[in-house]
1. Which condition from (1) of a type in the set (Phe, Trp, Tyr); (2) without any contact (Cβ under 8 Å) to a residue 40 or more places away in the chain; (3) open to solvent by less than 80 Å² (accessible area, probe 1.4 Å) is the one that PHE78 breaks?
2. Restricting attention to segment 46-61, report how many residues are surrounded by 11 or more Cβ atoms within 10 Å (Cβ to Cβ) and out of contact with any helix residue (DSSP H, G or I) (no Cβ under 7 Å at 6 or more places or on another chain).
3. Name the helices (runs of 4 or more DSSP H) wholly inside segment 24-102 in which the number of residues that are β-branched (Val, Ile, Thr) and over 12 Å from the mean Cα position of the chain (by Cα) is 1 or more.
Amino acid sequence: DFLVQGSHNEGSGYAVIEAFASGTTPIVTDIPSLRRITRGGRAGALFPPGDPESMARAVLDWAARDRRQLRANARGHFDRHLSFDAVGRELRAAYEALVLPS
């Protein structure tokens, strides 16, 4: 039901992206790449690196939630923010902001 990952450094977060794609909620360390992928913890949970008590609290908190809704939320987050189409739209918008005169 959850991906729990306690990385201190993570360049890409592919496992977290794949978790979202499969409808799995991530419970991960609060590092820049994972903060970006979870939209600041709005989708999934963030805990400080090296803090097992915070990780355990996050697991217990999320485990008490409705799993069906969590799966739907995780997959929806992927579709809206992490899918190829979503990333393409984001890259196009960044490119247009640089190229098109305002």
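The values are calculated or read from the model by the stated rules, or taken from the named source; none is laboratory data. Nothing here was measured: the structure is a model prediction, and the numbers come from that model. We place every Cβ from the backbone using ideal geometry, glycine too, and count neighbours over all the protein chains shown. Keep in mind that these areas ignore ligands, DNA and RNA; they rest on the heavy atoms of the full protein, side chains included. Shrake-Rupley method; radii C 1.70, N 1.55, O 1.52, S 1.80 Å.
1. The single condition PHE78 does not satisfy is (2).
2. Selection size over segment 46-61: 9.
3. By residue number, 52-63, 84-99.
This table checks each residue for (1) free of Cβ contacts under 8 Å to residues at least 12 places away in the same chain; (2) open to solvent by less than 80 Å² (accessible area, probe 1.4 Å); (3) farther than 17 Å from LEU3 by Cβ.
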| residue | (1), (2), (3) |
| --- | --- |
| VAL16 | no, yes, no |
| GLY23 | no, yes, no |
| THR29 | no, yes, no |
| ARG39 | no, no, no |
| GLY44 | no, yes, no |
| ARG89 | yes, no, yes |
